[in-house]
Amino acid sequence: MSPYGVDQRHHILSVLVENKAGVLARVAGLFARRGYNIFSLAVAPSGDDRLSRITIVVDVESAPLEQIVKQLDKLIPVVQITELDPAESRERELLLATVAVGPEERGQVIQLVGVFEGKIVDVGTERLTVMVAGAPGKLDDFEDLVRPYGFVELQRTGRVALPRLDRQAYPHDRTHQTEKAG
Amino acid sequence: MSQPELTGAQALIKSLEMQRVEVMFGLPGGAILPVYDPIIDSSIRHILVRHEQGAGHMAEGYAHVTGRPGVAMVTSGPGATNIVTPLADAYMDSVPLVVVTGQVATTSIGTDAFQESDITGITMGVTKHNWLVTDAADIPRVVAEAFHVATTGRPGPVLIDLPKDVANATMEWYWPGPSDLDLPGYHPVTEGDPVLVRRAAELLLAAERPVIYAGGGILKARACEALLELVERTGIPVVTTLMARGSVPDSHPLCLGMPGMHGNYTAVTAMQRSDLLVALGSRFDDRVTGKVGTFAPEAKIIHVDIDPAEHHKVRRADIAIAGDCRLVIEELLSALDALGLPACPGSGRAGTPGVPAAPGAAGVVRRPGATPMDASPGAEPVPGSPAAAFPRERLDPWRAQLAEWQERFPLGYIGQAGEGGLKPQYVLETLRDATPDDTIVASGVGQHQMFASQWWRFEHPYTWVNSGGLGTMGFGVPAAIGAKVGRPDRMVWAIDGDGCFQMTAQELVTASSERIPVKIAILNNAYLGMVRQWQEMFYEERYSEVYLSPDLPDYVGWAESMGCVGLRVTAPEEVGPAIDKANAVDDRPVVIDFRTDAAEKVYPMVAAGASNDDIVVDPALGQGGR
Ligand SMILES: Cc1ncc(C[n+]2csc(CCOP(=O)(O)OP(=O)(O)O)c2C)c(N)n1
Ligand SMILES: [Mg+2]
């Protein structure tokens with residue numbers, strides 16, 4: 001894993017779609033039938049209740065990014081596609097995990113959660129459920145550090161992302177938006 | 001004043017009328033019952049098919065020849081799944097179709113109700129878009145959206161799934177205006193980027209071995225006239241793919257005919273050796289390119305397509321222009337004007353009608369029809385203009401090369417001898433010459449399809465109705481019926497295989513009862529011939545499950561039982577008279593069972609996955625099997 005939490009062969013597509021029944025199936029079906037690999041996928045309402053946002057991390061080795069974007073673009077309910085280069089965007093993800101730790105080791109895990117600015121969500125006699133939000137790479141590190149204690153359950157949401165803001169005097173847009181065509 | 005209350009079913013039929021639908025093809029059943037009632041009072045002609053696959057292919061045939069969307073209506077469950085093949089076929093060949101399926105009531109969806117199937121889910125990958133209507137008030141808007149999506153941009157099939165309770169519900173009638181369509185993500189491109197068009201025009205002027213690679217998009221965009229103007233003005237030769245046959249007349253001196261796996265030597269090799277390929281509405285299909293890595297290695301590529309996803313999909317283009325082929329070609333012509341290559345006076349629509357070899361004359365028969373390439377057709381550049389740097393004579397060596405290939409490697413076959421099976425090519429040549437120039441020809445899929453595309457002389461656009469991308473056996477008969485419904489003024493022949501015929505022949509019952517006088521030529525070689533050919537060539541003549549039978553079924557008896565005239569032809573001298581007899585019938589369908597030679601193979605051939613450089617012409621023609 002690279003410092004960005006994804007290999008460079010991954011790209012992030014932030015896709016605005018019509019908020020209608022079956023749209024996720026259309027998107028997922030397209031990836032399946034054309035043999036494009038999805039690394040992660042997150043769907044959520046957008047600011048506009050006619051639209052939802054799907055954040056897809058794609059494996060650009062399975063197909064050229066350009067083909068993936070153009071085929072996606074042909075789906076009628078897809079309204080806008082924004083390509084985010086991992087190096088040029090801010091990505092966040094949420095991790096929720098139940099760790100098998102009894103009273104003796106509990107403190108060590110709680111300490112790690114503190115370092116990663118996470119939260120303890122639930123405490124049982126032999127288990128602890130924790131939450132960490134952050135850059136995907138940080139979550140990978142957290143996972144590696146906690147794994148030795150034993151995960152009972154581990155869930156990650158898949159990432160959401162926004163373009164990195166420009167700090168230069170002459171702003172230039174480094175994301176690429178695909179206007180709907182075809 | 002308030003609008004009348006209609007049922008959803010009435011609103012659907014009224015919406016189809018608003019779209020000026022004149023005919024639809026279908027077959028009723030439980031879930032679509034409510035919609036069949038208002039059909040009785042509608043101006044729309046409904047043609048009752050015998051199998052829903054037939055309805056879909058008829059709608060395709062209708063769309064191919066009229067340019068208008070074909071409409072089909074079927075019930076839920078098995079009715080809907082039966083029309084999946086035509087949807088997939090239309091999706092591959094960009095045919096505008098609107099298919100309406102009945103669905104179980106919304107309250108039953110998801111319960112495995114009788115005749116429930118998730119047809120919107122099933123057809124997601126084979127439609128341009130589909131809709132499940134859940135509110136009767138949405139019907140007019142959805143119908144308007146469906147026709148808009150099917151017919152604009154890259155055309156394609158769409159499906160509207162209508163649950164029975166929605167068809168029975170009432171709604172207040174309205175008809176949406178263009179701004180009422182709810183398609184925020186659909187904005188098809190039309191015009192090309194002028195900067196790219198200008199650069200493309202410059203490449204056209206400078207190229208020394210250019211070829212125009214015209215595909216089905218030319219016909220979809222109704223760009224044939226513009227294309228002819230481009231060909232004649234630039235003097236650039238053109239190949240017409242299987243989907244584009246007829247877009248430029250075969251008799252035109254600059255028309256090289258069909259490229260691809262069974263294309264002619266000159267068309268295939270011209271592309272291979274070209275320095276500029278101008279792909280217009282074509283998509284670098286594997287049947288055209290052969291092995292992609294060795295396809296046209298020296299060619300720069302200009303790729304015009306209305307679907308930007310086709311650009312760089314198979315072959316990276318040097319100039320990729322997203323836009324409607326007709327508009328982009330017209331823009332190219334204006335750019336050529338500006339560069340100093342004006343329109344040329346007079347057009348090259350010249351033809352030499354071919355005469356097939358008389359029966360009994362053995363020896364090699366060459367495909368007639370193509371006028372030999374003129375030394376230097378094309379417009380003269382304006383002196384002093386940018387175009388003047390590239391005189392039209394620069395193309396002379398290239399055209400001489402093409403003419404030499406045409407001379408050395410024409411399409412040919414060993415002529416019809418007095419005995420033995422009929423040569424399929426001989427049957428086709430006789431049929432071609434006995435029918436009007438503007439006859440519409442539909443075909444199935446197999447050897448007969450390739451022979452038809454090779455040996456017919458297409459002189460007019462929209463005269464070739466064919467399943468290219470999906471290669472659907474059984475397409476021919478229903479597609480011919482749909483074509484005849486769309487163009488009752490034209491003679492319509494289906495050239496079919498015996499295998500294909502057996503897949504959809506029952507639609508001739510539809511044709512007889514609806515008085516749709518199509519004509520069917522079965523090239524009956526008693527085999528799944530194309531598969532046999534591959535087994536002969538690539539599986540050491542180990543024939544596995546390809547033998548049918550010449551006389552089971554009895555095609556003549558079958559035809560007659562379906563209300564058609566049935567004829568059988570076994571001898572060469574009967575071919576012409578039987579065709580004349582068939583051409584004289586115009587009150588019912590005719591089927592001719594031509595007993596053809598099973599050993600005849602389709603040549604030239606580029607083996608699957610091989611390079612186009614390794615094209616094999618008919619070894620029997622004695623040209624060293626190049
Ligand atoms: C529905 C379908 N099934 C199978 C095939 C594979 N296939 C391609 S050509 C062919 C043989 C067609 O036989 P026939 O109609 O007799 O035509 P011929 O090749 O003999 O001219 C077959 C089986 C196909 N294209 N479509
Ligand atoms: Mg056959």
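The values are calculated or read from the model by the stated rules, or taken from the named source; none is laboratory data. Note that the structure is predicted; figures quoted are calculated from it, not measured. Backbone-built Cβ (ideal geometry, glycine too); neighbour counts: all protein chains shown. Just so you know, the surface numbers come from the protein's heavy atoms only, side chains and all, with ligands and any DNA or RNA stripped out. Shrake-Rupley method; radii C 1.70, N 1.55, O 1.52, S 1.80 Å.
Tabulated data for the structure shown
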read-out: Residue list for the stretch A:21-53, restricted to those being assigned to a strand (DSSP E or B) and away from chain B (no Cβ under 13 Å); value: A:ASN37, A:ILE38, A:PHE39, A:SER40, A:LEU41, A:ALA42, A:VAL43, A:ALA44, A:PRO45, A:ARG53
read-out: Odd one out for A:GLU117, checked against (1) under 18 Å from the mean Cα position of the chain (by Cα); (2) assigned to a loop (DSSP other than H, G, I, E, B); (3) not basic (Lys, Arg); value: (1)
read-out: Hits in the stretch B:572-589 (condition: of a type in the set (A, V, I, L, M, F, W, C) and in contact (Cβ under 8 Å) with a residue 60 or more places away in the chain); value: B:VAL575, B:ILE579, B:ALA582, B:VAL585
read-out: The stretch B:386-410, residues that are of a type in the set (A, V, I, L, M) and open to solvent by 20 Å² or more (accessible area, probe 1.4 Å); value: B:ALA388, B:ALA389, B:ALA400, B:ALA403
read-out: Condition broken by B:GLY566, with the remaining ones in (1) in contact with a Leu (Cβ under 7 Å, 6 or more places away or on another chain); (2) away from ligand 2 (no atom under 16 Å from the Cβ); (3) under 13 Å from B:ILE522 (Cα atoms) satisfied; value: (1)
read-out: Selection status of A:ASP122, over 21 Å from the mean Cα position of the chain (by Cα), part of a loop (DSSP other than H, G, I, E, B) and either touching a residue at least 60 places away in the same chain (Cβ under 8 Å) or more than 12 Å from chain B (Cβ to nearest Cβ) (or both); value: no
read-out: Any hit, the stretch B:568-580, residues being closer than 21 Å to B:ARG50 by Cβ, at pLDDT 95 or above and in the same structural domain as B:GLN533 (by TED's automatic domain parsing); value: no
read-out: Candidates A:VAL69, A:VAL113, A:VAL78, filtered to the one that is away from chain B (no Cβ under 14 Å) and open to solvent by less than 40 Å² (accessible area, probe 1.4 Å); value: A:VAL113
read-out: Residue ID - least open to solvent (accessible area, probe 1.4 Å), chosen from residues in the stretch B:313-322 that are within 23 Å of B:ALA206 (Cα to Cα), within 13 Å of chain A (Cβ to nearest Cβ) and assigned to a loop (DSSP other than H, G, I, E, B); value: B:ALA317
read-out: Members of the stretch A:94-108 that are surrounded by fewer than 19 Cβ atoms within 10 Å (Cβ to Cβ) and not in a strand (DSSP E or B); value: A:ALA100, A:GLY102, A:PRO103, A:GLU104, A:GLU105, A:ARG106, A:GLY107, A:GLN108
read-out: Every residue from the stretch B:538-572 that is of a type in the set (Phe, Trp, Tyr) and either on the phi > 0 side of the Ramachandran plot or within 13 Å of ligand 1 (Cβ to nearest atom) (or both); value: B:TYR543, B:TYR547, B:TYR555
read-out: Residue in the stretch B:111-120 that is surrounded by fewer than 20 Cβ atoms within 10 Å (Cβ to Cβ), within 11 Å of chain A (Cβ to nearest Cβ) and over 15 Å from B:ILE32 (Cβ atoms) present; value: yes
read-out: Boolean, B:GLN535 is under 30 Å from B:PRO69 (Cβ atoms), surrounded by fewer than 24 Cβ atoms within 10 Å (Cβ to Cβ) and within 16 Å of ligand 1 (Cβ to nearest atom); value: no
read-out: Residue list for the stretch A:118-164, restricted to those being open to solvent by less than 80 Å² (accessible area, probe 1.4 Å) and polar (S, T, N, Q); value: A:THR129, A:THR157
read-out: Failed item in (1) of a type outside the set (Lys, Arg); (2) not assigned by TED's automatic domain parsing to the domain that holds B:GLU514; (3) not in a loop (DSSP other than H, G, I, E, B), with B:ASP593 passing the rest; value: (2)
read-out: Count of residues meeting criterion [in a helix (DSSP H, G or I) and farther than 18 Å from B:ALA244 by Cβ] in the stretch B:278-302; value: 3
read-out: Every residue from the stretch B:527-561 that is farther than 23 Å from B:THR472 by Cα and in contact (Cβ under 8 Å) with a residue 12 or more places away in the chain; value: B:VAL556
read-out: Any hit, the stretch B:281-298, residues being closer than 15 Å to B:ALA226 by Cβ, touching a residue at least 12 places away in the same chain (Cβ under 8 Å) and not assigned by TED's automatic domain parsing to the domain that holds B:VAL95; value: yes
read-out: Sole residue being away from chain A (no Cβ under 14 Å), in contact with a strand residue (DSSP E or B) (Cβ under 7 Å, 6 or more places away or on another chain) and either within 16 Å of ligand 1 (Cβ to nearest atom) or closer than 22 Å to B:VAL248 by Cα (or both), chosen from B:HIS448, B:HIS460; value: B:HIS448
read-out: Evaluation of A:ASP85 against (1) within 14 Å of chain B (Cβ to nearest Cβ); (2) open to solvent by 30 Å² or more (accessible area, probe 1.4 Å) (one fails), failing number; value: (1)
read-out: Only listed residue being under 24 Å from B:GLY468 (Cβ atoms), open to solvent by less than 30 Å² (accessible area, probe 1.4 Å) and more than 19 Å from the chain's Cα centre (by Cα), chosen from B:ILE236, B:ILE218; value: B:ILE236
read-out: Some residue of the stretch B:84-100 being touching a residue at least 40 places away in the same chain (Cβ under 8 Å), in contact with a Ser or Thr (Cβ under 9 Å, 6 or more places away or on another chain), over 24 Å from B:MET243 (Cβ atoms) and charged (D, E, K, R); value: no
read-out: Count of residues meeting criterion [more than 14 Å from chain A (Cβ to nearest Cβ) and surrounded by fewer than 23 Cβ atoms within 10 Å (Cβ to Cβ)] in the stretch B:158-195; value: 16
read-out: Among the residues listed as B:ALA200, B:ALA206, B:ALA226, the single one being among the small types (Gly, Ala, Ser), surrounded by fewer than 23 Cβ atoms within 10 Å (Cβ to Cβ), away from chain A (no Cβ under 14 Å) and under 28 Å from the mean Cα position of the chain (by Cα); value: B:ALA226
read-out: Boolean, B:ILE32 is touching a residue at least 12 places away in the same chain (Cβ under 8 Å), in contact with an Asp or Glu (Cβ under 7 Å, 6 or more places away or on another chain) and β-branched (Val, Ile, Thr); value: no
